[in-house]
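Working notes for the structure below.
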Amino acid sequence: MKGKFISFEGSDGAGKTSVLKAIRADLEKQLGTSKVMYTREPGGDRISEQIRRVLVDRQNTDMDSRTEALLFAASRRQHVVEDLRPALAAGKVILCDRYVDSSIAYQGAGRRLGEQAVWQINRFAIDGLLPELTIYLDIPTELGLRRIATHRADQINRLDQEQLAFYQAVRHSYLRLQKADPQRIKKIDASQSLDQVVSDVKIAIHTKFPELFTDEF
Ligand code: TYD
């Protein structure tokens, strides 16, 4: 079987982590654990995890936005070379928690660096490797932020402390990306119940890659 690259995107509070956990368990049951690779950005391999620590450090409030964008791109580059390309060559299904669209939305739109500028540095970093399928979990900004405040108050990091306008810009950027490339990016309504969201995501994956599923669902 040819490797498959699926990325998961969404604003903070969209429920991406819970959804990914369910999808991962389901695919591992279908294909066996050795065929599925779960990974996350920023992070994955040792060097990217080191870069992640700099990015999420609450003390780094003085980090310049371009520095931040370059660090995300650098981490992504290492992830592509060390993890993603080898996994695809080995025929695995990659479930990647965030990828290049996060940078376009968060740094390009949220931090106002410009979507094109951020795309340029990321084009250099990913060197042609785009997911075949991107699951975008869409949620109204206020609802997403309310979910973070109630469930993850203890985990709020430097990047989570941004204002409503930031997250609204992030969401609109994701929506624009989805409209521009509906073949690759599938929008899922993440304001629904977790079960319903998981079911919608399974349908999107099944539609794109019917060969992955043997059971009915
Ligand atoms: P993370 O701790 O992985 O949380 P989440 O569960 O929301 O994905 O969050 C990492 C943060 O980094 C998140 O706020 C989004 C942000 N981010 C960017 O700004 N640019 C990027 O390129 C990536 C990959 C993440």
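Name the residues in segment 180-216 that are at pLDDT 95 or above, over 22 Å from GLU142 (Cβ atoms) and in a helix (DSSP H, G or I), would you? Scanning segment 180-216 gives ALA180, ASP195, VAL198, SER199, VAL201, LYS202, ILE203, ALA204, ILE205, HIS206, THR207, LYS208.
Limited to segment 21-54, what total is found for residues that are under 28 Å from LYS202 (Cβ atoms), assigned to a helix (DSSP H, G or I) and within 16 Å of the ligand (Cβ to nearest atom)? The number of residues fulfilling the criteria is 4.
The residue pairs whose first member lies in segment 11-39 and is modelled with pLDDT under 95, whose second member is assigned to a strand (DSSP E or B), and whose beta carbons are closer than 6 Å, counting only pairs six or more residues apart or on different chains, are ALA14/LEU137.
When you go through (1) in contact with a strand residue (DSSP E or B) (Cβ under 7 Å, 6 or more places away or on another chain); (2) modelled with pLDDT under 95 one by one for HIS151, which number turns out not to apply? HIS151 satisfies every listed condition except (1). Tell me yes or no: at least one residue of segment 96-109 is more than 11 Å from the ligand (Cβ to nearest atom), under 14 Å from the mean Cα position of the chain (by Cα), under 14 Å from ILE6 (Cβ atoms) and buried (at least 18 other Cβ atoms within 10 Å of the Cβ). Taking every residue of segment 96-109 in turn, none turns out to be more than 11 Å from the ligand (Cβ to nearest atom), under 14 Å from the mean Cα position of the chain (by Cα), under 14 Å from ILE6 (Cβ atoms) and buried (at least 18 other Cβ atoms within 10 Å of the Cβ).
The values are calculated or read from the model by the stated rules, or taken from the named source; none is laboratory data. Remember, it's a predicted structure, so these values are computed and weren't measured experimentally. Neighbour counts are summed over all protein chains in view; Cβ atoms, including those assigned to glycine, are modelled from backbone coordinates with ideal geometry.
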